[in-house]
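What follows is one structure encoded as structure tokens, with my remarks underneath.
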Amino acid sequence: MACLPPNVDGSEIRHQLYTLALTHFEAIHRNYFDRPDLHKLHNRSGELWSPLVALAAFFEEDGGVTGLLDAISEAALWDEQMSEGKALSDREEAVLQALELMTRNAVGEMWIKAAELRERVRGLLGYSQEQMGAAQWIVHILKRMQLTDPARRKHHVGGQLYAVQRDELLDIMRRYDVAHIES
């Protein structure tokens, strides 16, 4: 299989995997929760890689894709060693840093336009428009970090708006040791 570029928008693949997981729930659930021998990483790395390990075991055992589990396990170990304990990806850090810049003068809750957040993240990462891909990944980061939920999201003429609590954002940045950007 050809390697995907690092900036690929994986939302379509992710949706297909969600469908697969729902269709073959029992086997994937067993791999994820009932087979600790599959999961060799712990803490944040384990949290990030466990779904892929569970899927790799499913594809290998039920789909006949030989060697996939070992390949995913090796990639997970390599990633953990390369990240040197870094808990967040560059994109995740950039989203937090962009939000911190955008809410710097705010007290309490502030409504952020998704398009403006995406542009601020793009600037911090130094990416072109094409490298950013679809903006869905930003929403997934906000949800995973528990910075938004349906009650703190609304449709706007120019796109989506998300309510961000500055104190929650600063707490997450402190817990993940994300540096503040000097402006």
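The values are calculated or read from the model by the stated rules, or taken from the named source; none is laboratory data. Since this is a predicted model, take the numbers as computed values, not measurements. Here the Cβ is made from the backbone with ideal geometry for all residues, glycine too, and neighbour counts use every protein chain on show. What goes into the accessible areas is simple: the full protein's heavy atoms, side chains included, and nothing from ligands, DNA or RNA. Shrake-Rupley method; radii C 1.70, N 1.55, O 1.52, S 1.80 Å.
Report the calculated FRET efficiency for ASP79 and PHE33 (r = Cβ-Cβ distance, R0 = 22 Å), to the nearest 0.05.
So the FRET efficiency works out to roughly 0.50.
Please list, ordered by chain and number, the residues whose modelled amide H lies under 5 Å from the amide H of ILE112; skip anything fewer than 5 residues away on the same chain.
TYR162, ALA163, VAL164
Can you send over the solvent-accessible area of ASP70, 1.4 Å probe, protein chains only, in Å² to the nearest 10?
It works out to around 100 Å².
Per residue of the stretch 164-176, in order, report the coupling 6.51 cos²θ - 1.76 cosθ + 1.60 (Karplus, θ = phi - 60°) as ³J(HN,Hα) in whole Hz, putting x for Gly and Pro.
10, 8, 4, 5, 5, 4, 5, 5, 5, 4, 5, 5, 9
Could you pull the Cα extents of the stretch 62-154 along its three principal axes, largest to smallest, in whole Å?
Sorted from largest, the Cα extents of the stretch 62-154 read 52, 28, 28 Å.
Can you give me the accessible area per residue for the chain, using a 1.4 Å probe, in Å²?
I get 62 Å² per residue for this part.
Restricting the calculation to Cα positions, tell me the Rg (one decimal) and the Dmax (whole number) of the chain in Å.
Here Rg and the maximum Cα pair distance are 18.3, 55 Å.
Take each of the peptides 13-26, 52-65, average the number of other beta-carbon atoms within 10 Å over its residues, and list them starting from the highest.
Taking the mean over residues of other Cβ atoms within 10 Å, the ranking is 52-65, 13-26.
Ordered by residue, what ³J(HN,Hα) values in Hz, to whole numbers, does the stretch 43-57 give under the Karplus form 6.51 cos²θ - 1.76 cosθ + 1.60, where θ = phi - 60° and Gly and Pro are x?
So the J values, rounded to whole Hz, are 6, 5, 4, x, 4, 6, 8, 4, x, 5, 5, 4, 5, 4, 4.
³J(HN,Hα) across the stretch 63-77 via Karplus (A = 6.51, B = -1.76, C = 1.60, θ = phi - 60°), whole Hz, x for Gly/Pro?
x, x, 8, 5, x, 5, 4, 4, 4, 5, 4, 5, 4, 5, 5
Summing +1 for each Lys or Arg and -1 for each Asp or Glu, what net charge is found among the other residues whose Cβ lies under 14 Å from the Cβ of PHE33?
It works out to a net charge of -2.
Can you pull the percent of the stretch 1-150's accessible area that's carbon plus sulfur, 1.4 Å probe, other chains left in place?
Solvent-exposed carbon and sulfur of the stretch 1-150 make up 56 percent of the total.
Contour minus end-to-end for ILE181 and ARG104, with contour as 0.36 nm per residue of separation and end-to-end as the Cα-Cα distance?
Once the chain is fully extended between ILE181 and ARG104, it gains 26.7 nm.
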